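Asker: Sharing a structure, written as structure tokens. Questions coming.
The numbers here are math on the coordinates, done by the rules we state, and not lab data. This one's a predicted model, so the numbers in the text were calculated from it and none came from an experiment. With ideal geometry, Cβ positions are generated from the backbone for all residues, glycine too; neighbour counts draw on all protein chains shown.
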Amino acid sequence: CLMLEMLGFAFASVGMFCIIFLFLPISRGSSLLRLIDIPFEHAIRYHIWLGHVTMLLFTLHGLCFIVSFALQGALQNE
């Protein structure tokens, strides 16, 4: 159970790191994109994939805690 909770926290930590990059406002003529030499079309593709990865991480985070709580019997008490 403790291992599942630690894994859940790890998924959440990595997911929060991904969210930081999802909230960066970048426009078509962004100097940040020019600085790191990424075309706008590629940045959109990276943004979409990062969103998918973030959703997967938070889904795994939730599943780890649900399974952990179920193994502890905490779900039956509620």
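Asker: Enumerate the pairs (first residue in region 1-29 and touching a residue at least 60 places away in the same chain (Cβ under 8 Å) and within 27 Å of ALA74 (Cβ to Cβ); second residue anywhere and among the aromatic types (Phe, Trp, Tyr) and surrounded by 14 or more Cβ atoms within 10 Å (Cβ to Cβ)) with beta-carbon separation below 7 Å, excluding pairs fewer than 6 apart on the same chain, so at least 6 apart or on different chains.
Answerer: GLU5/PHE65; GLY8/PHE65
Asker: In region 1-45, which residues are of a type in the set (Ser, Thr, Tyr) and either touching a Lys or Arg at 6+ places or on another chain (Cβ under 7 Å) or assigned to a loop (DSSP other than H, G, I, E, B) (or both)?
Answerer: First pass over region 1-45, keeping only residues of a type in the set (Ser, Thr, Tyr): 13, 27, 30-31.
Hits for region 1-45 are SER27, SER30.
Asker: Assigned to a loop (DSSP other than H, G, I, E, B) and either touching a strand residue (DSSP E or B) at 6+ places or on another chain (Cβ under 8 Å) or among the polar types (S, T, N, Q) (or both): is that true of SER68 in this structure?
Answerer: Values: assigned to a loop (DSSP other than H, G, I, E, B): no; either touching a strand residue (DSSP E or B) at 6+ places or on another chain (Cβ under 8 Å) or among the polar types (S, T, N, Q) (or both): yes.
Answer is no for this residue.
Asker: Right, another one. Can you pull out the residues in region 25-52 that are within 27 Å of GLY8 (Cα to Cα), surrounded by 13 or more Cβ atoms within 10 Å (Cβ to Cβ) and aliphatic (A, V, I, L, M)?
Answerer: Hit for region 25-52 is LEU50, nothing else.
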